[in-house]
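Here, each number is a calculation from the coordinates, and none is a lab measurement. This is a predicted model, so every value here is computed, not measured. Positions of Cβ are generated from backbone atoms using ideal geometry, with glycine treated the same way; all protein chains shown enter the neighbour counts.
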Amino acid sequence: MVSLSPAPAAIATGCLARCSMPDRLIFIGDVHGMSDQLKDLLDRLTPSTEDELIFVGDLVDKGPDPIGTVRIVSQLIHHSDTETTLLRGNHEDKHLRYRLRLQDSPKVARKMGESSPELVAFMSDATDEDWDTLLKARHFWRNHDRNLLAVHGGIPGDMWSFPHDWDEVEKLERHDQRSVEKIYRTRFVDHHSGAFIASGHQTPDDPFWAERYDGRFGDVIFGHEPFFDGPREFPHATGIDTAAVYGGQLTALIIHADDRREYVSVDCPAYRKPGA
């Protein structure tokens with residue numbers, strides 16, 4: 001298990017460049033290639049220099065325009081006045097692993113491409129800047145002053161310490177980095193130990209992670225698990241993947257400077273069937 005010292009309460013690690021408190025923290029759920037709906041949502045949000053945008057990951061795959069979606073976010077990160085962070089989701093991670101396997105294990109890459117054609121399609125269209133955007137996606141966003149943590153997936157119940165910031169993750173041994181990386185894959189956890197359970201291996205007794213999460217690292221905003229009836233609120237976590245690619249909505253959670261919360265959503269056409 002990773003052993004890391006707790007972060008000082010005064011450090012706001014998710015906001016590395018900003019010294020003042022943003023007017024709005026805007027968290028956007030899983031986009032999955034629904035670029036037109038992302039444009040519509042951003043038009044409604046009108047993010048400014050006084051706001052901070054956090055995408056909780058899974059920009060790519062499943063939907064009609066993964067490349068276009070990445071480029072919208074890349075433009076926000078590199079060429080806008082709104083501080084913007086992209087979190088690494090399991091789908092971004094899959095593309096990065098495929099790119100690496102093309103270099104060091106072509107046979108493995110070929111099998112990956114055969115089972116997931118979207119990997120090949122993205123690879124053929126992606127520019128260096130597209131890859132740079134994915135490579136710089138962070139494992140998490142954290143603001144200690146607000147007691148907030150954003151991850152793509154969830155927090156395993158047997159995780160008792162958490163990195164201060166991104167730099168601390170970069171300094172970990174690879175084995176310990178893998179432990180941290182479970183946060184962008186976690187859905188269900190073992191009903192006894194709270195340990196991460198790989199997708200499809202859970203039993204009816206194994207709970208969804210947020211049902212058991214006790215708030216030990218702050219209030220968590222997450223994606224990964226699509227909720228078809230709108231954002232899902234748990235005692236110490238909020239899920240904002242509202243099934244955009246499946247005909248649900250693309251949702252933003254806004255947390256104002258006074259801690260007031262609101263949701264802004266746009267309707268999405270069904271591009272893919274659940275489970276496909």
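Considering only beta bridges that DSSP places wholly inside segment 140-251, some 55 percent are antiparallel. Taken about its Cα centre, the chain carries a charge dipole of roughly 800 debye when the Cβ of each Lys and Arg holds +1 and the Cβ of each Asp and Glu holds -1. Extension gain, R272 to D23: 0.36 nm times the residue separation minus the Cα-Cα distance gives 86.1 nm. Judged by the gyration tensor of its Cα atoms, with axes a ≥ b ≥ c, segment 191-276 is oblate; a/c meets the 1.5 cut and b/c is at least as large as a/b. Take every DSSP beta bridge whose two residues both sit in segment 24-267; close to 55 percent of them are antiparallel. Starting from the Cα gyration tensor of the chain, take the square roots of the eigenvalues, sort them a ≥ b ≥ c, and report rounded, prolate or oblate (rounded when a/c is under 1.5, otherwise prolate if a/b is larger than b/c, else oblate). Taking the square roots of the gyration eigenvalues as a ≥ b ≥ c, the chain is rounded.
With each label modelled as a point 7 angstrom along the Cα→C-beta vector, the D259-A195 pair spans 3.7 nm.
Measuring nothing but how far apart in sequence close Cα pairs (under 8 Å, 6+ apart) lie, relative to its length, the chain scores a relative contact order of 23 percent.
Note on T203/K111: beta-carbon distance plugged into 1/(1 + (r/R0)^6) with R0 of 35 Å gives a FRET efficiency of 0.75.
Exposure proxy ranking for M112, M34, M21, M159, based on other Cβ atoms within 10 angstrom of each Cβ and starting from the fewest, stands as M21, M112, M159, M34. Annotation: the residues Y184, Y263, sorted from fewest to most other C-beta atoms within 10 Å of their own C-beta, follow the order Y263, Y184. In plain terms, the residue of L76, L172, L100 with the fewest other Cβ atoms within 10 Å comes first and the most crowded comes last, giving L100, L172, L76.
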